[in-house]
Amino acid sequence: MSTAPESTAPESTAPESTAPGDALLVVGDVVTDVVARYRGPLAAGTDTAASIRRLPGGAGANVACWAAYAGCADVRLLGRVGADASAWHERELAACGVRPLLVVDATAPTGTVICLVDTGDSAERTFLTDSGASLLIGPDDWSDPLLDGVGRLHLSGYLLFSEPGRALVSAALAAARTRGVPVSLDPASAGFLTELGVGRFLGLVEGVDVLLPSRAEAGLLTGLPDAADAAAKLSRHVPLVVAKQGAEGALVARSGTVSARIAAVTASPRDSTGAGDAFTGAFLAALLAGAEPEEAAAAGCRAGARAVEGVGGRPPRTDGPRTDEPRTDEPRTDGPRAAGG
């Protein structure tokens with residue numbers, strides 16, 4: 001059970017039906033990203049000039065937004081947030097075309113992730129994570145009617161890194177199997193996977209239909225340095241593995257064999273935050289539209305390329321800038337700004 005004593009759970013407004021539909025239900029994390037872009041190296045023990053922005057994020061939320069951006073008309077997101085930022089996150093999700101089904105935690109704050117982004121050629125990023133309320137989502141926040149009208153269920157791997165989240169995954173998988181709804185999962189974090197343990201992870205994802213690991217996650221889960229070998233080995237545990245390879249595209253594997261290598265799309269990276277989430281969202285939207293996995297993976301590569309050319313983990317908006325978004329995001333080069341400035 002969730003350890004938060006008080007919360008306000010959402011009510012599903014989907015039509016009552018036990019038959020699979022066309023909607024995508026994502027269950028996962030909703031957090032506030034504090035994105036700091038700088039030109040490395042960091043100056044240890046003193047100031048480093050940076051551009052800092054506060055943006056909506058979270059792997060689960062990002063996947064949902066990119067699925068909607070890719071054309072999925074009915075995307076729903078179940079997540080847990082604190083009362084401190086619930087209204088802002090609901091507005092941001094709705095503006096992206098996502099139906100927010102947010103549990104508002106009365107005591108825990110919304111999760112926060114500090115994203116340190118090197119603005120060099122790689123746009124590589126490092127995360128500092130305070131999961132907050134998102135870590136407390138649990139089986140009490142799940143109900144089987146959430147699957148009414150749903151054609152695919154996607155679970156963020158971050159759910160596996162807490163006891164309540166693991167219990168929710170178990171309940172959601174059981175309900176999806178009963179209804180014949182296919183389930184996908186993104187392992188989410190090589191760092192947290194190391195703490196959880198490979199054997200435990202593979203046991204927890206038994207029954208998942210599609211696994212979407214990054215190159216690092218696939219290597220960690222198999223112990224194999226070669227990306228194709230790792231994807232092939234994972235596909236003996238999960239029917240379909242789509243391994244994201246960043247600038248090298250993606251691998252599609254089934255039954256112990258890599259069946260396709262999908263080329264990457266050329267991009268000029270600014271920030272790689274959320275690129276994997278963009279891939280996953282577009283991939284799932286394409287599957288729901290009837291695409292084969294290889295075609296869906298190509299759509300994922302296109303979305304990933306689009307994502308790295310922007311800042312933050314969400315797709316571009318057509319209704320103006322996001323709340324709290326400053327007008328410029330280029331790092332200052334004339335020295336540090338005063339605190340609070």
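Where a number appears in this text, it was derived from the coordinates with a stated rule and is not lab data. As the structure is a computational prediction, the values presented were derived from the model and not from experiment. Cβ atoms come from the backbone with ideal geometry, glycine included; neighbour counts cover every protein chain shown.
Summary of values
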item: Equivalent-ellipsoid semi-axes of segment 91-155, from the Cα gyration tensor, Å, largest first; result: 29, 18, 12
item: Computed helical MRE - 222 nm, the chain, DSSP H runs ≥ 4 contributing -39500 (n - 2.57), nearest 500; result: -8500 deg cm²/dmol
item: Burial ranking of peptide ranges 154-160, 34-40 (average Cβ count within 10 Å, highest at the top); result: 154-160, 34-40
item: Hz values of 3J(HN,Hα) by residue in segment 152-165 - Karplus curve (6.51, -1.76, 1.60), Gly and Pro given as x; result: 8, 10, 10, 10, 6, x, 4, 4, 7, 9, 9, 5, x, x
item: Isolated Cys in the chain, by beta carbon distance under 4.7 Å; result: Cys72, Cys115, Cys301
item: Tensor-based shape of segment 44-128 (alpha-carbon gyration tensor, a/c under 1.5 rounded, otherwise prolate or oblate); result: oblate
item: Cα-based equivalent ellipsoid of segment 46-184: semi-axis lengths in Å, sorted from largest, via gyration tensor; result: 28, 18, 15
item: For Arg80, net neighbour charge (Lys/Arg +1, Asp/Glu -1) across residues whose Cβ lies under 9 Å away; result: -3
item: Mean Cβ count within 10 Å, highest first, over the residues of peptides 251-258, 65-72; result: 65-72, 251-258
item: Burial ranking of peptide ranges 41-53, 288-300, 101-113 (average Cβ count within 10 Å, highest at the top); result: 101-113, 288-300, 41-53
item: Viscosity 1.567 mPa s, temperature 4 °C, Stokes-Einstein D of segment 181-227 from Kirkwood C-alpha radius, µm²/s; result: 118
item: Counted charge near Leu287, where neighbours are those whose Cβ lies closer than 13 Å (Asp, Glu -1; Lys, Arg +1); result: -4
item: Rounded if a/c under 1.5, otherwise prolate or oblate - segment 105-250, Cα gyration tensor axes; result: oblate
item: q = 0.08, 0.12, 0.14 Å⁻¹, the chain: log10 I(q)/I(0) [Debye, one scatterer per Cα]; result: -0.35, -0.81, -1.11
